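Peer 1: Sending over a structure as structure tokens; questions will come in a sec.
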Amino acid sequence: MTITSSDVQEHAFEQRRTQPGALPEVEAFIAEVESRAAKGERIASLDPATGQLLVHVAETNAEEVDRTVRHAHDAFTGSWKRFSPFERERVLHRLADLMEQHATELAQYDALESGKPVGYVEAVDVALAVEQFRYYAGWPTKILGSVVPVASADHLVYTKKDPLGVVAAITPWNFPLCQAAIKIAPALAAGNAVVIKPSELTSLSTLRLAELAVEAGVPEGVVSVVTGRGETTGAALTSHPLVRGITFTGSDRVGRQLAAEAGAALKPISLELGGKNPNIIFPDADVQKAATAAAVTAFFYSGQVCFAGSRVLVHRDVRDDVLDVIHQYTDAIVVGPSLDSASTMGPLVSAQHRDKVNSYVEQARRGAASITRGGISSRDGGFFYDPTIVLDPTDAEAVTTDEIFGPVLIVQTFDDDDDLIARANASRYGLTAGLWTSDVTRVHSIADRLEVGRVWVNTYADWAANAPWGGSKQSGLGRDCGPDAVEKFLETKTVWVG
Ligand code: NAD
């Protein structure tokens, strides 16, 4: 039986249930979070693979947010500011060690709440999250000021880089642990305290990460979590006067709103937003490799990935060959629950989200495109959606222009470089692009002309903590990862000694 949006309310109040295979420590932590939430307003978090209630988390109200931010501010001005750069380095490494020791446990929280296959979460998300702490552990001892040569020889003018203070981090549900690490690691390296609000759908791994931070030696209060909805808990956090900077990952809709509010309050903000990413295949590419990667990246984590290569633009000469490979790959995908090791693709995060994804596909079905695979899954329970291929929609259709955030791969053809660039750049987004060709001159020319924050050439979706990450146009402002992410959590103070 397929669970509909209207069934969800009922399921939310049934007995809590965890999938077979959950670790005892995961069960215990879920029970603890449930009991903490029992005291006040709370939100139901469902397992998208079953549609059943997984846990309730607290809905943190404005008064509690205020207390948390004040506590974070005290921890920042008190103990944390006294940590030397070497001590900050040590605790960040210790936290990375603890995350490695708890890798399977952390992976299970994200798998259970977001529906992603647990083996992939451990191999990809947890590993990337650990890498953030390892990389940024190297930064505290390398944050340098400068000496400014002014006119009077008997004056010493120097600059130093100060942390902002308390920063607010707001994260989405598709990479809960990884996004928490991407925000927290550079903020701590720069000496800030962080109050983080994870998505209301996926709070568990962030709550556990904050506990591990304390175990690693980060003073209590320096990393705090407020769980709850965006418009209530999130808004109370970002608008708090003691919050000196905001780092946000999520939709462009919310990003735009937060940017306006931060502008009015004169708070620095960085935004990592959505994408509709062209994956471009030329006839001189390794077609087998390019087409396989095109399918992998479109359907990885059910396409609920900001950098999913959701729009393949293939040269007309190799279109049929590319389609054959994509279809073969798609037919081999095993859709199933997140803790089942046989699953290669999980459900969508919620019934509402699945309905939204389906509405794009149904709209495309009524237009010029043909749907060669996919649609709502016939699998019992959960919010499953089969990997879907939409062939030849027009450039103007919503299925081509919008970020669908589901397992929906658009395939279109192009004829020459100018046609390709005009259509790829017509998007309001500018997050990533893939480029498959063996012509090095074309690599440089196309990479140069694409209006995106990252171009992958003859590869796709590679990531590293030290490689800057972020988008152009409506895909974001500022960069996560690499040196830029430390810089955005610092401000320059000039000291003039006469
Ligand atoms: P969302 O914008 O709905 O929510 C993101 C976060 O913002 C959540 O924690 C939410 O509770 C909070 N929020 C909502 N309204 C708020 C408000 N008024 N004040 C403060 N906080 C508020 O996004 P989502 O559905 O959780 O995530 C999916 C989106 O995230 C997609 O668009 C995806 O592309 C994007 N994303 C981008 C990146 C990137 O690196 N560029 C990475 C992951 C996800």
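Peer 1: For the pair residue 74/residue 494, report the inter-label distance in nm, with labels modelled 7 Å from Cα in the Cβ direction.
Peer 2: According to this spin-label approximation, the distance is 3.7 nm.
Peer 1: Under a straight-distance cross-link criterion of Cα-Cα below 17 Å, which lysines are reachable from residue 473, leaving out those fewer than 8 residues away in the same chain?
Peer 2: 276
Peer 1: Then there is this: Farthest toward the dipole's positive end in segment 278-464, which of 444, 398, 384, given Cβ charges of +1 (Lys, Arg) and -1 (Asp, Glu) about the Cα centre?
Peer 2: Result: 384, furthest along the dipole toward the positive end.
Peer 1: Could you tell me what percent of the accessible area of segment 278-464 is made up of carbon and sulfur, with a 1.4 Å probe and every protein chain present?
Peer 2: Taking all protein chains in place, segment 278-464 shows 48 percent carbon and sulfur surface.
Peer 1: Calculate how steeply helix 62-77 sits against the longest principal axis of the alpha-carbon atoms of the chain, using the helix alpha-carbon long axis, and give the answer as 0 to 90 degrees to the nearest 10.
Peer 2: Value to nearest ten degrees: 60.
Peer 1: Stretched out fully, how many nm does the piece from residue 355 to residue 467 gain, at 0.36 nm a residue minus the Cα gap?
Peer 2: Result: 36.8 nm gained on full extension.
Peer 1: To check my understanding: the extent here is largest minus smallest coordinate of the Cα atoms along each principal axis. What are those three numbers for segment 278-464, in Å, largest first?
Peer 2: 50, 35, 30
Peer 1: Taking the solvent-accessible surface of protein heavy atoms with a 1.4 Å probe, what is the per residue accessible area of segment 1-149 in Å²?
Peer 2: So segment 1-149 comes to 47 Å² accessible per residue, rounded to a whole number.
Peer 1: For the chain, what Kirkwood radius comes out of the mean inverse Cα-Cα distance, in Å?
Peer 2: Kirkwood hydrodynamic radius for the chain: 23.5 Å.
Peer 1: Kindly state, to the nearest 0.05, the FRET efficiency for residue 484 paired with residue 148, given R0 = 35 Å and r defined as their beta-carbon distance.
Peer 2: Here the calculated transfer efficiency is 0.95.
Peer 1: Straight-line reach from residue 142: which aspartates and glutamates fall under 20 Å, measuring Cα to Cα and dropping same-chain residues less than 8 apart?
Peer 2: List returned: 87, 89, 131, 162, 480, 484, 487, 491.
Peer 1: I would also like to ask the following. Assuming R0 = 25 Å, can you tell me the calculated FRET efficiency for the pair residue 398 and residue 257, based on Cβ-Cβ distance, to the nearest 0.05?
Peer 2: 0.70
Peer 1: How much accessible area per residue does segment 278-464 have, counting only protein heavy atoms and a probe of 1.4 Å, in square angstrom?
Peer 2: Using a 1.4 Å probe on heavy atoms only, each residue of segment 278-464 averages 37 Å².
Peer 1: Another question about this same structure. Where does each of 43-53, 256-266 land if you order them by average Cβ count within 10 Å, highest first?
Peer 2: 43-53, 256-266
Peer 1: Using only Cα atoms and rounding to the nearest 10 degrees, what angle (0 to 90) does helix 351-366 make with the longest principal axis of the chain?
Peer 2: Around 40 degrees separate the two axes.
The values are calculated or read from the model by the stated rules, or taken from the named source; none is laboratory data. Please read all numbers here as calculations on a predicted model, not as lab measurements. All Cβ positions, even for glycine, are placed from backbone atoms using ideal geometry, and neighbour counts span all protein chains on display. To get the accessible areas, we keep the full protein, side chains included, count just its heavy atoms, and leave off ligands, DNA and RNA. Shrake-Rupley method; radii C 1.70, N 1.55, O 1.52, S 1.80 Å.
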